[in-house]
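Written below as structure tokens is the structure these notes are about.
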Amino acid sequence: MPEPSSYEPRGAIAGTGMGGAMDLATGEAATLERVPGGPEGGGPDSRPRSLWSDAWRDLRRNPVFLLSALVILFLVVISIWPSAITSGNPLDCDLAKAQDGSAPGHPFGFDGQGCDVYTRTVYGARTSVTVGVCATLGVALLGSVLGGLAGFFGGAWDAVLSRITEVFFAIPVVLGGLVLLSVVTSNSVWPVVGFMVLLGWPQISRIARGSVITARQNDYVQAARALGASPARLLLRHIAPNAVAPVIVVATIALGTYISLEATLSYLGVGLKPPSVSWGIDISAASPYIRNAPHALLWPSGALAVTVLAFIMLGDAVRDALDPKLR
């Protein structure tokens, strides 16, 4: 019988932890001896993915997200730099060309005042994007803070906030705009943004409240509380990052709604007022001439519809990516 030192095994021997032994193939032994961090190991390339990394990976593969993001990016660019695609002035009008069709240098024709429809449509994007983004940020910030505090502390604060939100929910948005904005004489976008924030925060507040209540009951929050974490650390460090996803989804979808609301209020004459440039103002001015000059109505209406649809599609894509139940 050969000595143990001269015996060359074809496999490796691994202890089973119960006093016995188990033959391993050479490849399996090499797998056990592989240092983590290699191409197939547990190194940085195979770190556990978070909800946000999974959502971003799904969004990049979603054609709806890519299409809506390209449209929104184009709107943002022309809002910041409208002279990139037009050299005209939206306030330069010539009554001699009123209701005329397309002409060289004026592809969309002229409206009832002789203004270039193409130029006014391009500059109208700045107003819509500004109102939508500012109103959404204000609503999300105010609603998240109030709803998050109510869901975290509960008690009297939660009861009072719930009654206040019910009062605001009972106010019709368009009727509230007609009443509140009819006394405003400013031509800037800020009164319209303030009105939207005033009536829009209760929805986000209720979403944030429910999300915080759900996150507050998780085991990791209870463990942090047992370790002595302060209420501020619990709310900002452990609860808010895990409760903000529903707020982002609702706010993204609501952005398109705020753009449509601004156009509606401007159409009714209580939102933005001339000489401001807005799609709602142009739609209102072109309505009496729809038979003689339908182009003056169709182009701003189409731009408004595409913008609202792009933001709603973006919100739907974000919702699908952030909702684990839809995976």
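Just so it is clear, none of the values below were taken in a lab; they were calculated from the coordinates. Small disclaimer: the values here were computed from a predicted structure and weren't measured. A quick note on method: Cβ atoms are made from the backbone with ideal geometry, for glycine too, and the neighbour counts reach across all protein chains shown.
Obtain the nm distance between the two label points defined at Val167 and Leu137 by a simple spin-label model: each point lies 7 Å from its Cα along the Cα-to-C-beta direction.
Between Val167 and Leu137, the simple spin-label model gives 2.9 nm.
Can you give the net charge of the other residues whose Cβ lies under 10 Å from the Cβ of Leu304, counting K and R as +1 and D and E as -1?
Charge balance in the 10 Å sphere: -2.
Please compute the Kirkwood hydrodynamic radius over segment 74-127, one decimal place, Å, based on all pairs of different Cα atoms.
That comes to 11.2 Å for segment 74-127.
Using 0.36 nm per residue, how much length does the chain from Ala159 to Asn187 gain when fully extended, once their Cα-Cα distance is taken away?
Full extension from Ala159 to Asn187 adds 6.2 nm.
For the pair Thr214 and Leu198, how long in nm is the line joining their label points, each one 7 Å along Cα→Cβ?
The answer from the label model is 3.2 nm.
Among Ala240, Ser182, Val197, whose Cα sits farthest toward the positive end of the charge dipole of segment 144-275 (+1 at Cβ of Lys/Arg, -1 at Cβ of Asp/Glu, about the Cα centre)?
Toward the positive end, the furthest listed residue is Ala240.
First select every other residue whose beta carbon is under 13 angstrom from the beta carbon of Val160; then total the charges, Lys and Arg +1, Asp and Glu -1.
After counting each charged neighbour, the total is 0.
Could you check the simple spin-label distance between Asn89 and Asn242, using points 7 Å along Cα→Cβ, in nm with one decimal?
Between Asn89 and Asn242, the label points sit 5.9 nm apart.
Please give the length that would be gained between Tyr289 and Ala223 if that part of the chain were fully extended, namely 0.36 nm times their separation in residues minus their C-alpha to C-alpha distance (nm, one decimal).
17.0 nm
Quick one: check the C-alpha center-to-center distance for segment 68-91 versus segment 99-125, whole angstrom.
Here the answer is 15 Å between Cα centres.
From the residues Gly143, Pro107, Ile80, which one has its Cα farthest along the dipole of segment 73-164 in the positive direction, the dipole being from +1 and -1 charges on Cβ of Lys/Arg and Asp/Glu about the Cα centre?
Highest projection toward the positive end goes to Gly143.
Taking the Cα centre of segment 132-258 as origin, sum charge times position over the Cβ atoms of Lys and Arg (+1) and Asp and Glu (-1), and report the length of that vector in debye to the nearest 20.
With Lys and Arg at +1 and Asp and Glu at -1, about 260 debye.
What are the extents of the Cα atoms of segment 260-306 along their three principal axes, listed from largest to smallest and rounded to whole Å?
Principal-axis extents of segment 260-306 (Cα, largest first): 26, 22, 15 Å.
I need the phi-derived Karplus couplings for segment 297-309: 6.51 cos²θ - 1.76 cosθ + 1.60, θ = phi - 60°, integer Hz, Gly and Pro marked x.
In residue order, the calculated couplings are 9, 6, 5, x, 5, x, 4, 5, 5, 5, 5, 4, 5 Hz.
Would you mind listing how long segment 190-327 runs along its three principal axes, going by Cα atoms, in whole Å with the largest first?
Its Cα atoms span 73, 35, 17 Å along the three principal axes.
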